[in-house]
Amino acid sequence: MWSGLLRVYASLSKVLDARLEAEHGLPLTSYEVLRVLAAADGERMRMCELASSVVLSRSGLSRLVDRLEREGLLVRESCASDARGAFAKLTPEGQRRLADARATHLAEVRRLFLDHLSVEEQKMLAGVWERVLSDEAVRNACGC
């Protein structure tokens, strides 16, 4: 089961990445960062929380944020309460690129994953993910 989960994740990620890159010039990791920021309060998040949300190391996220900042899709903002901390904030261009790519992403997720599951199976898996993610060690993984 674990091996199957990893294979499905890796396979679907490769297909989604290739499709988003080909159609929107936006790799899957970039899309995920923009998506998470768009859903965040004020369209911004602390870097360590963002790294945890998109399953990247802090250094990996830092390099990706550097690139997204050069492309004008997000900006870094300093944290007034913690001089060492920083926020990533979505820009209007980042909102536009995310909106352009969203339909492609959602259609591919439906075609590659959701269409293979009944509504009951989708609900069951959602419950499993919530139980796993509620584990204290998993919740505190970001170290923020």
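The values are calculated or read from the model by the stated rules, or taken from the named source; none is laboratory data. The model shown is predicted, which means the values in this text are computed figures rather than measured ones. For neighbour counting, all protein chains shown are included, and Cβ atoms are generated from backbone atoms with ideal geometry for every residue, glycine included. Please note that ligands, DNA and RNA were not included when accessible areas were found on the heavy atoms of the full protein model with its side chains. Shrake-Rupley method; radii C 1.70, N 1.55, O 1.52, S 1.80 Å.
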Return only the number of the condition from (1) over 28 Å from R110 (Cα atoms); (2) touching a strand residue (DSSP E or B) at 6+ places or on another chain (Cβ under 8 Å) that R67 does not satisfy.
(2)
Take S11 and decide whether it is crowded, with 17+ Cβ neighbours inside 10 Å and not acidic (D, E).
no
Among (1) closer than 22 Å to L16 by Cα; (2) touching a helix residue (DSSP H, G or I) at 6+ places or on another chain (Cβ under 7 Å); (3) open to solvent by 50 Å² or more (accessible area, probe 1.4 Å), which single condition is S52 missing?
(2)
Assuming R76 fulfils every condition listed in (1) farther than 20 Å from F113 by Cβ; (2) part of a helix (DSSP H, G or I) apart from one, which condition is it?
(2)
Verdict on G85 being open to solvent by less than 50 Å² (accessible area, probe 1.4 Å) and not in a helix (DSSP H, G or I):
yes
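Can you tell me which residue among R19, R35 is part of a helix (DSSP H, G or I), over 24 Å from L133 (Cβ atoms), in contact with a helix residue (DSSP H, G or I) (Cβ under 9 Å, 6 or more places away or on another chain) and touching a residue at least 60 places away in the same chain (Cβ under 8 Å)?
On inspection, the qualifying residue turns out to be R19.
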